[in-house]
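Report on one structure; see the data block that follows.
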Amino acid sequence: MKRATANTRTFPRPAITRSPHGYELFSYPSIFARQVWFYVLCIGESKCPPGFRHGHPDFDCQHKDDEGFLLHFALAGELWHQTRKQTHVIRRNDAVLLDLSRPVRYGNSAKAPAHFYWLWFNGKDMSKIAEELNLGLDPTFQDLKRDRFVAAFRELIRLVEKEPRGHEARVSTLVSGLLAELFAVPRAPVRPLDVRTQPFAVSEPIQTALKYIARFYGNPLSLKQLSQEIGLSVYHFSHLFQRETGFSPMQYLKQYRIEQAKTLLAETRTPIEHIARAVGIRNHEHFSKLFRQMNGVSPRAFRAAAYRRQTGS
């Protein structure tokens, strides 16, 4: 996928390819666009029947950088997405933004067709944007401005198909606008768990451990793994962690996970079983039991109480 210059074409003009489920347009961005802008690799619209399943990476990427990101915007129906061993669901006017450097699967398990726009794209700063949006924890965005997304996708499709003068700069502007809409959605912040001592009083190995937990709490973590990451024996690490934080390492990890779950329960519509997996607790029943032990109420009751506080009902 190379051009001699930004204006020299080495691929035929994109044309709409139709399938039983919709249509797609492949794009061949210039070297200049890849270096400075957001650029589209493929865009389309699909209407998938119940039982539909699909997976990535299926694209024939000629550049490692072309793994990129996949944006789905739901027009109607429901779509599930699996990535990082987590499942996320979007419905009408919701979106999901997925990093294609990891395997991704999605499909429709509802009774009605799923109608959605999709965009495969990339940009030189997308890894930083993905981190800021906290896609590793929750790549979904609810209740977006439908008219803005529909207008942006229609214009992107027109630009990719027709390629008028300056279309790559205009494509980048539209993609940037879509990302801006995602940033406008209220997101659950990742909050650290308070420790007994002030941060400056915590030794460097324990600071490293706290940062590691904050980054990877959604993954399976063991005491042995944590101690190996810090470079201490299990005994020395456990003793030091307990003395400086007031928690054992695994107790801290459990409470940290539940604190993040509380934020997601209060501030998102993500299903409870998905939240459990997102915070690193694979067994839904164990998550509910642990949550009740630490908070005195079930996750469902906690979410209902948070909703009443927010709405004043």
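The values are calculated or read from the model by the stated rules, or taken from the named source; none is laboratory data. A quick note: this is a predicted structure, and the numbers were derived from the prediction, not measured. Note that we place each Cβ from the backbone using ideal geometry, even for glycine, and neighbour counts take in every protein chain shown.
The table below gives the values:
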{"quantity": "Residue in the stretch 135-143 that is modelled with pLDDT of 90 or more and part of a helix (DSSP H, G or I) present", "calculated": "no"}
{"quantity": "Residues located in the stretch 75-93, provided they are under 11 Å from the mean Cα position of the chain (by Cα), at pLDDT 85 or above and not in a strand (DSSP E or B)", "calculated": "none"}
{"quantity": "Matching entry among Arg292, Arg269, Arg303, Arg282 (being more than 18 Å from Met250 (Cβ to Cβ), more than 17 Å from the chain's Cα centre (by Cα) and surrounded by fewer than 16 Cβ atoms within 10 Å (Cβ to Cβ))", "calculated": "Arg292"}
